1. Quick check: with the 1.4 Å probe, what order do TRP67, TRP170, TRP274 take by accessible area, largest first?
2. Spit out the partnerless Cys residues in the chain, using Cβ distances under 4.7 Å as the pairing rule.
3. Which residues does a label at ASN227 reach in the stretch 28-67, if reach means a backbone N under 12 Å from a point 7 Å past the Cα toward the Cβ?
4. Dipole of the stretch 106-221, Cα-centred, from +1 at each Lys and Arg C-beta and -1 at each Asp and Glu C-beta, to the nearest 20 debye?
5. Suppose the chain between ARG207 and GLN9 were pulled fully straight at 0.36 nm per residue; how much longer would it get relative to their current alpha carbon spacing?
6. Determine ³J(HN,Hα), in whole Hz, for all residues of the stretch 160-173 in sequence, where each value follows from phi through the Karplus function 6.51 cos²θ - 1.76 cosθ + 1.60 and θ = phi - 60°; x replaces Gly and Pro.
7. Across the stretch 99-108, in residue order, what do the Karplus-derived ³J(HN,Hα) couplings come to in whole Hz, using 6.51 cos²θ - 1.76 cosθ + 1.60 with θ = phi - 60° and x for Gly and Pro?
8. Under a 1.4 Å probe, what is the accessible area of the stretch 1-144 per residue, stated in Å²?
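The values are calculated or read from the model by the stated rules, or taken from the named source; none is laboratory data. These numbers come from a predicted model, not from an experiment. Methodologically, a virtual Cβ is constructed for each residue, glycine included, from the backbone with ideal geometry; neighbour enumeration extends over all protein chains shown. Keep in mind that these areas ignore ligands, DNA and RNA; they rest on the heavy atoms of the full protein, side chains included. Shrake-Rupley method; radii C 1.70, N 1.55, O 1.52, S 1.80 Å.
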Amino acid sequence: RKGNATKEQIRLHSLVQQLPRAIIIGVRKGGTRALLEMLNLHPAVVKASQEIHFFDNDQNYARGIDWYREKMPFSFPHQITIEKSPAYFITEEVPERIFKMNSSIKLLIIVREPTTRAVSDYTQVLEGKERKNKTYHKFEKLAIDGNTCEVNTKYKAVRTSIYTKHLERWLKYFPVEQFHIVDGDRLISDPLPELQLVERFLNLPSRISQYNLYFNATRGFYCLRFNIVFNKCLAGSKGRTHPEVDPAVVAKLRRFFHPFNQKFYQITGRTFNWP
Ligand code: A3P
């Protein structure tokens with residue numbers, strides 16, 4: 001027994017806080033939380049539970065890399081640490097800052113059909129307003145410019161869904177091979193194949209299996225089974241009911257995103273069946 005305790009002590013002694021070797025940089029409402037939690041099913045993956053906002057927040061960034069490392073969980077040297085902060089994807093300064101930390105870091109981007117993602121983004125903001133008993137505009141009013149009747153590209157939820165624009169800024173620093181695009185719509189409907197692609201991208205042995213994922217009809221989503229005693233679903237704020245949007249506005253947005261989507265497929269080599 002004594003011998004075992006010593007071995008365990010030696011084992012725990014090798015625990016360290018490591019900088020992430022992969023970051024989920026976005027996209028907001030793409031399913032970033034689900035992706036992080038599901039990757040954490042892998043025994044070689046540890047996660048920073050909170051969004052750290054190190055690279056997108058000037059004050060945090062000024063605290064330096066040791067501050068960032070101290071935000072990381074303890075892990076064994078063979079494990080890889082992953083964090084997610086969806087604002088990284090759209091924030092101007094972030095690619096250069098991450099490059100300076102580690103130019104060979106692996107970057108994960110999870111996307112959804114752009115119009116759905118924009119409505120999801122709106123829904124999150126709407127809920128925040130409602131919580132404070134504030135009224136808010138309808139999605140249609142924000143997404144469409146009242147004067148021109150064209151898509152309002154100044155609206156953040158629209159801009160964030162122009163994936164190619166953001167990705168092109170990142171490509172000034174990192175080669176396209178360093179990115180892996182996750183299909184957020186498929187992560188909802190059939191997560192395992194998407195997770196297996198990520199395992200391969202991260203050079204990890206395939207360890208996540210169907211056992212780890214079970215569909216919960218009440219939640220309407222897949223939940224996570226870590227082992228025989230521990231399982232969990234994501235928080236209720238993940239998987240909100242979206243408001244109904246005028247179909248003409250949906251159609252207009254889809255037409256608007258179409259050429260950007262084509263460019264995104266072309267750059268990433270991953271094609272989606274977005275309308
Ligand atoms: P909706 O609320 O629009 O349905 P993020 O974590 O980036 O904010 O993304 C939130 C989205 O993750 C949710 O958007 C939801 O659809 C999606 N999601 C994917 N897999 C999920 C899962 N297993 N459980 C709950 N939500 C999931």
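1. TRP67, TRP274, TRP170
2. Among the cysteines of the chain, those whose Cβ sits 4.7 Å or more from every other are CYS149.
3. 43
4. For this selection, approximately 520 debye.
5. 68.6 nm
6. 4, 7, 7, 4, 4, 4, 6, 4, 4, 5, 5, 6, 6, 10
7. Coupling constants for the stretch 99-108: 4, 5, 6, 7, 6, 10, 4, 8, 10, 10 Hz.
8. Ligands and nucleic acids excluded, the result is 49 Å² per residue.
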